[in-house]
Amino acid sequence: MEPEKNPFVEALSRGRVQFGCWLSLPDNSVVEIAALAGFDWLLIDHEHGPLELTDILSLLQTLAPYDVAPIVRPASDDGALIKKLLDTGAQTLVVPMVNSPEQAARLVSAVRYPPAGTRGLAPNMVRASRWSEIQDYARQANDHICLIVQAETVEAMERLTDIASVDGVDGVFIGPADLAASMGYPGNSAAREVVDVIQKGLKTIGEAGKYAGVLCMDPTLAKTYIQAGADFVGITIDVLLLLRSMKEAVQTFRNLDREEGK
């Protein structure tokens with residue numbers, strides 16, 4: 001059995017902007033519906049949602065038959081956690097709060113088997129190797145891992161060139177919400193000052209030869225970021241889609257009630 005190519009990297013290499021959705025609900029049906037919706041990638045969020053490792057494993061298994069690239073965001077940059085996520089079969093990680101090239105270099109080591117890195121080996125007992133069915137998994141795994149680091153503080157943006165230049169970092173994802181808070185604009189990631197920093201950051205990432213990503217749910221602003229160099233864009237979040245759709249449905253029928261004078 002041959003190692004599976006990374007679908008996220010394969011898609012990015014074709015030069016088309018990739019649009020995705022944040023997943024925070026530990027529900028296989030929601031994830032399967034998202035897989036059918038046409039997104040290019042789906043990010044399973046371990047950082048902020050209630051998901052645990054067994055949930056992530058189950059959601060990756062749910063996504064496996066579908067033509068969508070799964071991504072996992074760990075809760076932290078802890079090497080032991082990253083090892084377990086890779087062992088579940090995650091090939092692309094988006095690691096939050098990376099503020100220095102030294103931290104980025106440690107992550108590069110954490111996602112790679114020796115001698116290139118420090119990831120512990122147990123290829124005969126993990127889903128990543130299809131429980132040893134992929135005969136050369138340990139030898140070839142490094143070639144199929146994609147490491148995206150998140151820049152979401154003033155410190156990270158000031159050191160962005162150095163972070164993006166770390167060998168083994170495949171891309172940098174700018175987190176607007178935390179960045180805005182770090183800049184003194186909590187809850188206002190569309191502030192002109194924040195937008196300007198993000199645009200400059202996307203250009204810097206591209207100039208380093210790395211993939212650039214950002215979360216943006218405003219189509220007009222997303223177009224601005226794409227023009228600035230964004231290669232992949234998170235355009236919505238599962239809980240927001242569910243809540244907004246339900247509220248819109250209720251409001252539509254409440255309006256009917258009022259129109260009829262009841």
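The values are calculated or read from the model by the stated rules, or taken from the named source; none is laboratory data. In this text, all values refer to a predicted model and were calculated from it rather than measured experimentally. When we count neighbours, we look across all protein chains shown, and the Cβ atoms used for this are built from the backbone with ideal geometry, even at glycine.
I need a count of the residues in segment 157-166 that are in a helix (DSSP H, G or I) and surrounded by 19 or more Cβ atoms within 10 Å (Cβ to Cβ).
Within segment 157-166, the subset in a helix (DSSP H, G or I) is 157-158, 160-164.
Filter once more, so that each one left must be surrounded by 19 or more Cβ atoms within 10 Å (Cβ to Cβ): 157, 160, 163-164.
Residues flagged as in a helix (DSSP H, G or I) and surrounded by 19 or more Cβ atoms within 10 Å (Cβ to Cβ) within segment 157-166 amount to 4.
I'm checking my understanding of the structure. Among residues of segment 113-132 that are part of a loop (DSSP other than H, G, I, E, B) and in contact with a Leu (Cβ under 9 Å, 6 or more places away or on another chain), which one is farthest from residue 77 (Cα to Cα)? Even if it seems obvious, please write down each step before you answer.
Keep residues of segment 113-132 that are part of a loop (DSSP other than H, G, I, E, B), which gives 113-122, 126, 130-132.
Of the ones still in play, those that are also in contact with a Leu (Cβ under 9 Å, 6 or more places away or on another chain) are 113-114, 119, 126.
Values: 113: 17, 114: 19, 119: 13, 126: 21 Å.
Ranking the qualifying residues of segment 113-132, first place goes to 126.
Which numbered condition in (1) without any contact (Cβ under 8 Å) to a residue 60 or more places away in the chain; (2) loosely packed, with under 15 Cβ neighbours inside 10 Å; (3) outside any helix (DSSP H, G or I) is the only one that residue 2 fails?
So the condition that residue 2 fails would be (1).
Just to check your reading of the model, which residue among 93, 23 is crowded, with 21+ Cβ neighbours inside 10 Å, free of Cβ contacts under 8 Å to residues at least 60 places away in the same chain and under 15 Å from the mean Cα position of the chain (by Cα)?
Selected residue: 93, the only one of 93, 23 that is crowded, with 21+ Cβ neighbours inside 10 Å, free of Cβ contacts under 8 Å to residues at least 60 places away in the same chain and under 15 Å from the mean Cα position of the chain (by Cα).
Which residue, of 79, 49, is at pLDDT below 95 and out of contact with any Gly (no Cβ under 7 Å at 6 or more places or on another chain)?
Just one listed residue meets the conditions, 49.
Count, please, the residues in segment 77-98 that happen to be closer than 22 Å to residue 130 by Cβ, part of a loop (DSSP other than H, G, I, E, B) and of a type outside the set (Val, Ile, Thr).
Summing the residues that are closer than 22 Å to residue 130 by Cβ, part of a loop (DSSP other than H, G, I, E, B) and of a type outside the set (Val, Ile, Thr) in segment 77-98 gives 3.
If you scan segment 174-188, which residues turn out to be of a type outside the set (A, V, I, L, M, F, W, C) and either part of a loop (DSSP other than H, G, I, E, B) or over 18 Å from residue 94 (Cα atoms) (or both)?
175, 182, 184, 185, 186, 187, 188, listed by residue number.
Mind listing just one residue for me: the one in segment 114-156 that is touching a Ser or Thr at 6+ places or on another chain (Cβ under 6 Å) and surrounded by fewer than 17 Cβ atoms within 10 Å (Cβ to Cβ) and, of those, farthest from residue 209 (Cα to Cα)?
124
For the subset of segment 167-191 comprising residues that are among the hydrophobic types (A, V, I, L, M, F, W, C) and over 16 Å from residue 202 (Cα atoms), which member is surrounded by the fewest Cβ atoms within 10 Å (Cβ to Cβ)?
191
Please report, ordered by residue number, the helices (runs of 4 or more DSSP H) entirely within segment 189-262 with at least 1 residues that are under 22 Å from residue 10 (Cα atoms) and at pLDDT 95 or above. Outline the logic, then answer.
Working: elements: 192-207, 219-228, 238-259.
In segment 189-262, 192-207, 219-228 are the helices (runs of 4 or more DSSP H) which contain 1 or more residues that are under 22 Å from residue 10 (Cα atoms) and at pLDDT 95 or above.
What do you reckon, is residue 105 surrounded by 15 or more Cβ atoms within 10 Å (Cβ to Cβ), of a type in the set (Gly, Ala, Ser) and part of a helix (DSSP H, G or I)?
Here the answer is yes, as residue 105 does meet what is asked.
Exactly one condition in (1) in contact with a Cys (Cβ under 6 Å, 6 or more places away or on another chain); (2) under 16 Å from residue 134 (Cβ atoms) is false for residue 113; which is it?
(1)
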